[in-house]
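Below: the structure, in structure tokens.
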Amino acid sequence: MRLLIVEDDPTVRRLIEVILRDLGEIAVAGSAEDARLELMAEPDVVVLDLGLPHLRWDVLESALETTRRVVVVTAHIEPAVLSRAREIGAHFVMTKPFRPRQLVDAVVESGS
């Protein structure tokens with residue numbers, strides 16, 4: 001399984017990488033611009049932080065066009081933000097902090 005982790009915080013990005021490392025090949029993007037480039041490789045699952053600077057909803061929409069599944073991991077707990085992510089088509093939406101097992105389960109289920 002090819003995974004793309006889109007997270008601007010290097011510590012959180014590395015944590016997600018470690019949690020998911022046994023699930024397949026991992027690419028990372030630390031910005032919305034990098035994410036757009038990495039999406040060209042058409043990963044199987046994208047783990048996307050909605051809190052990236054300069055992130056617009058089009059990055060989520062692009063991810064959904066180029067990948068099978070998107071797992072949104074965000075510190076935003078506003079119902080409108082979480083609802084919008086689901087409306088656009090995110091397969092899983094979870095808030096930070098999250099449990100490692102919760103993330104693994106979401107990615108595994110998304111990748112099948």
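The values are calculated or read from the model by the stated rules, or taken from the named source; none is laboratory data. The shown structure was predicted, so the numbers you read here are calculated from the model rather than taken from an experiment. Every residue, glycine among them, receives a Cβ derived from its backbone with ideal geometry; neighbour counts consider all protein chains shown. Heavy atoms of the whole protein, side chains included, go into the accessibility calculation; ligands, DNA and RNA do not. Shrake-Rupley method; radii C 1.70, N 1.55, O 1.52, S 1.80 Å.
Filter region 11-30 for residues that are under 12 Å from the mean Cα position of the chain (by Cα) and of a type outside the set (A, V, I, L, M); which is nearest to Val72 (Cα to Cα)?
Arg13
Taking the conditions exactly as written (of a type in the set (A, V, I, L, M, F, W, C) and in a helix (DSSP H, G or I)), does Ile19 satisfy them or not?
yes
Would you point out which residue out of Leu64, Leu82, Leu39 is open to solvent by less than 30 Å² (accessible area, probe 1.4 Å), assigned to a helix (DSSP H, G or I) and either closer than 25 Å to Gly24 by Cα or modelled with pLDDT under 80 (or both)? Let's see the steps before the verdict.
Details: Leu64 fails: open to solvent by less than 30 Å² (accessible area, probe 1.4 Å); Leu82 fails: either closer than 25 Å to Gly24 by Cα or modelled with pLDDT under 80 (or both).
Answer to the selection: Leu39.
Just need a number here: residues in region 1-23 that are surrounded by 14 or more Cβ atoms within 10 Å (Cβ to Cβ) and either out of contact with any helix residue (DSSP H, G or I) (no Cβ under 8 Å at 6 or more places or on another chain) or free of Cβ contacts under 8 Å to residues at least 12 places away in the same chain (or both).
Summing the residues that are surrounded by 14 or more Cβ atoms within 10 Å (Cβ to Cβ) and either out of contact with any helix residue (DSSP H, G or I) (no Cβ under 8 Å at 6 or more places or on another chain) or free of Cβ contacts under 8 Å to residues at least 12 places away in the same chain (or both) in region 1-23 gives 6.
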